[in-house]
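A.B. asks: The structure follows.
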Amino acid sequence: MALDESKKGIWKSGKGKGRHVPKGRQLDDEAHAEVLALLGDQPRRRDLLIEFLHLVQDAYGHLSAAHIRALAEELRIGQAEVYEVASFYAHFDVVREGETPPPALTIRVCDSLSCELAGAQQLKAALEEGMDPAEVRVVRAPCMGRCDTAPVLEIGHNHIDHATVEKVEAAIAAGDTHTHLPDYEDYDAYVGSGGYETLRALREGGDWEAVQDTVLEAGLRGLGGAGFPSGKKWGFVRMNEGPRYLAVNGDEGEPGTFKDRYYLERVPHVFLEGMLIAAWAVEAETAFIYMRDEYPAVLEILRREIAALEAAGIVEPGYIDLRRGAGAYICGEESAMIESIEGKRGEPRHRPPFVAQVGIFGQPTLVHNVETLYWVSKICREGPEVLNSVEKNGRKGLRSYSVSGRVAEPGVYLLPAGSTIMDIIEAAGGMAEGHAFKAYQPGGPSSGLLPASINDVPLDFDTLQPLGSFIGSAAVVVLSEQDSAKEAALNMLRFFEDESCGQCTPCRVGCEKAVKLMQADRWDQGLLEELSQAMVDASICGLGQAAPNPIRLTMKHFADEV
């Protein structure tokens, strides 16, 4: 090429071939307008991506490629980043170009252990046979936290307890697909009984260290499953320079667990006051509540009551930031929850640093479970004696046991922490008619299965570890002689296989291989033990480390079945 002297600086290179649009999928004006209408004047912050995805999913029933492109435009991030987040969570339906969107109505049938014992698989099969797949989609779903009313399913956002095909058909005919709110103690009723007086007194002249000592004296430990002394966390967070945050872990996804829902659907302000006391103690700039999407009624209750707190001047508008999960069990792990709050895939972080030092947005963060904060409120109001004055079998305190399976009256039972499985079954009305006690899950599938012969051990922190188990979230599922321990263990491993975040190979591949091996008529016990040890030793977080518990305990206590 030569330079044209008459046109300085212009090369004679023929007709220009420069791009008029960026590479990749182009912005669709209609989809962009729809996203703009949904987002309104909300700030275009990256951490709100999951909230925005919910807006689109709720409005259109799926996430189209055009809507993903529009969201990427608004947040000034790559489409791949939006896609990888949306495709991580079970409650988002990503639809590519040329694909058929899902039907307008989705029925999610819970297939976790309590529901499977109650006939969930037969119910799902009957629904699939009787429904028009072009009109209604029937899918399996993990635990919905309603194990006391198994089998359970969700039509849209309406939960059907003790579900039958007839109940489902009636709900569809009536267009009853929205959540139903239970009766609960609202702001006015709570204040009328002395609510928020403790918080006001502490804000006016309280000593956070004195409150911390009171919580420690009560013996309160983390009730999400870890069991770490609750008061000690406050000091760990306070020793780091701010701004600091508080994050409430409301993602009680461990199958068999429904205690947090029980309290939130009845006395939400006991929890909210406890949360605000903890936030005051660590001088939190914002209090985040991460609530699982499987609890639509709880989400609506919290929206209403947070608005009431703002209207009453208890908190500044926006101080409590309610975030909605999207169907990922792994987000019950505190660092995965923080990733999700930041609008990312819920993958656990490597530690150290711990979240008390580097949490939300890289700042010191106090993480508490819902029930833990419920007890913080009770302790500050009634004194440490509310817990430490109760003693049984050498154990102090109270535990909220979620009890389901083959008992006469499933539900949440507040019992002394030293209670044995026999005490818990007795509280739940004994065994269901026609059933004889065979085995139990003391703390969700992560705790594995124990035989009925181990019936004198208190179900509390530190008491079950010598047995290769633990209390976790106190999710007790009772099995009878009519149930197969082998099939129950397989149900648990299928859950872990589905819910592994996929970040680390030992958990991702280990759960998959375990499920395949466990489907054999006779288990290869040597190979399963070798696989279990690799998962325990090398998995990043508690999911992969605890997933082998059902395998090991079933081989140990129910060898005749495997």
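The values are calculated or read from the model by the stated rules, or taken from the named source; none is laboratory data. Remember, predicted model here, so these are calculated numbers, not experimental data. Heads up, the Cβs are rebuilt from the backbone with ideal geometry, glycines too, and the neighbour counts pull from every protein chain shown. Heads up: the accessible areas ignore ligands, DNA and RNA and are worked out on the full protein's heavy atoms, side chains in. Shrake-Rupley method; radii C 1.70, N 1.55, O 1.52, S 1.80 Å.
A.B. asks: Name the residue that is farthest from Tyr263 (Cα to Cα), counting only residues in segment 185-217 that are among the acidic types (Asp, Glu) and open to solvent by less than 70 Å² (accessible area, probe 1.4 Å).
C.D. replies: Selected residue: Asp186.
A.B. asks: So, in segment 314-341, of the ones that are touching a Leu at 6+ places or on another chain (Cβ under 9 Å) and under 13 Å from Tyr245 (Cα atoms), which residue ends up most open to solvent (accessible area, probe 1.4 Å)?
C.D. replies: Among them, the one singled out is Tyr319.
A.B. asks: Please enumerate the residues belonging to segment 238-259 that are part of a loop (DSSP other than H, G, I, E, B) and of a type in the set (A, V, I, L, M).
C.D. replies: Selection gives Met239 alone.
A.B. asks: Okay, next question. Could you look through segment 549-562, keep only residues that are assigned to a helix (DSSP H, G or I) and open to solvent by less than 20 Å² (accessible area, probe 1.4 Å), and pick out the one that is farthest from Ala439 (Cα to Cα)? Quick ask: steps written out before the conclusion?
C.D. replies: Filtering segment 549-562 down to residues assigned to a helix (DSSP H, G or I) leaves 549-557.
Still in the list and also open to solvent by less than 20 Å² (accessible area, probe 1.4 Å): 550-551, 553-554.
Numbers: Pro550: 12, Ile551: 14, Leu553: 11, Thr554: 10 Å.
The extreme case among them is Ile551.
A.B. asks: Given the criterion buried (at least 24 other Cβ atoms within 10 Å of the Cβ) and under 22 Å from Ala118 (Cα atoms), identify the matching residue among Gly472, Gly444.
C.D. replies: It is Gly444.
A.B. asks: Which pairs do you get when a residue that is at negative phi, found in segment 369-385, comes within reach of a residue that is aromatic (Phe, Trp, Tyr) and open to solvent by 10 Å² or more (accessible area, probe 1.4 Å), reach meaning Cβ atoms under 8 angstrom, with the pair 6+ apart or on two chains?
C.D. replies: Here the result reads Val370/Tyr263; Glu371/Tyr263; Tyr374/Tyr263, each pair linking segment 369-385 to a residue that is aromatic (Phe, Trp, Tyr) and open to solvent by 10 Å² or more (accessible area, probe 1.4 Å).
A.B. asks: Name the one entry in Pro466, Pro458 that is assigned to a helix (DSSP H, G or I) and either surrounded by fewer than 19 Cβ atoms within 10 Å (Cβ to Cβ) or in contact with a Gly (Cβ under 6 Å, 6 or more places away or on another chain) (or both).
C.D. replies: Pro466 is the lone residue from the list that is assigned to a helix (DSSP H, G or I) and either surrounded by fewer than 19 Cβ atoms within 10 Å (Cβ to Cβ) or in contact with a Gly (Cβ under 6 Å, 6 or more places away or on another chain) (or both).
A.B. asks: Among residues belonging to segment 389-441 that are aromatic (Phe, Trp, Tyr) and under 20 Å from Gly472 (Cα atoms), point out the one that is most open to solvent (accessible area, probe 1.4 Å).
C.D. replies: Filtering segment 389-441 for residues that are aromatic (Phe, Trp, Tyr) and under 20 Å from Gly472 (Cα atoms), the one most open to solvent (accessible area, probe 1.4 Å) comes out as Tyr413.
A.B. asks: Please pick out the residue among Gly510, Gly526 that is in contact (Cβ under 8 Å) with a residue 12 or more places away in the chain, outside any loop (DSSP other than H, G, I, E, B) and of a type outside the set (A, V, I, L, M, F, W, C).
C.D. replies: Going through Gly510, Gly526 in turn, the sole match is Gly510.
A.B. asks: Same structure again: Given the conditions (1) of a type in the set (A, V, I, L, M); (2) in contact with a strand residue (DSSP E or B) (Cβ under 6 Å, 6 or more places away or on another chain); (3) in contact (Cβ under 8 Å) with a residue 60 or more places away in the chain, which single one is not true for Ile424?
C.D. replies: (3)
A.B. asks: What are the residues in segment 40-67 that are among the acidic types (Asp, Glu) and in a helix (DSSP H, G or I), if any?
C.D. replies: Those that are among the acidic types (Asp, Glu) and in a helix (DSSP H, G or I): Asp47, Glu51, Asp58.
A.B. asks: Looking at Leu27, Leu39, Leu49, can you tell me which residue is within 19 Å of Val82 (Cβ to Cβ), at pLDDT 90 or above, surrounded by 10 or more Cβ atoms within 10 Å (Cβ to Cβ) and touching a Gly at 6+ places or on another chain (Cβ under 6 Å)?
C.D. replies: Just one listed residue meets the conditions, Leu49.
A.B. asks: Residues of segment 529-548 being outside any loop (DSSP other than H, G, I, E, B) and open to solvent by less than 20 Å² (accessible area, probe 1.4 Å), which ones?
C.D. replies: Result: Ser532, Met535, Leu543, Gly544, Ala546.
This table checks each residue for (1) crowded, with 22+ Cβ neighbours inside 10 Å; (2) under 12 Å from Ala356 (Cα atoms).
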{"site": "Gly219", "(1), (2)": "no, no"}
{"site": "Leu223", "(1), (2)": "yes, no"}
{"site": "Arg238", "(1), (2)": "no, yes"}
{"site": "Ala247", "(1), (2)": "yes, yes"}
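A.B. asks: Could you tell me whether segment 155-163 includes any residue that is in a helix (DSSP H, G or I), in contact (Cβ under 8 Å) with a residue 40 or more places away in the chain and of a type outside the set (Lys, Arg)? Break it down into steps so the answer makes sense when it comes.
C.D. replies: Our first condition is that a residue be in a helix (DSSP H, G or I); within segment 155-163, this holds for none.
Looking for residues that are in a helix (DSSP H, G or I), in contact (Cβ under 8 Å) with a residue 40 or more places away in the chain and of a type outside the set (Lys, Arg), one finds none in segment 155-163, hence no.
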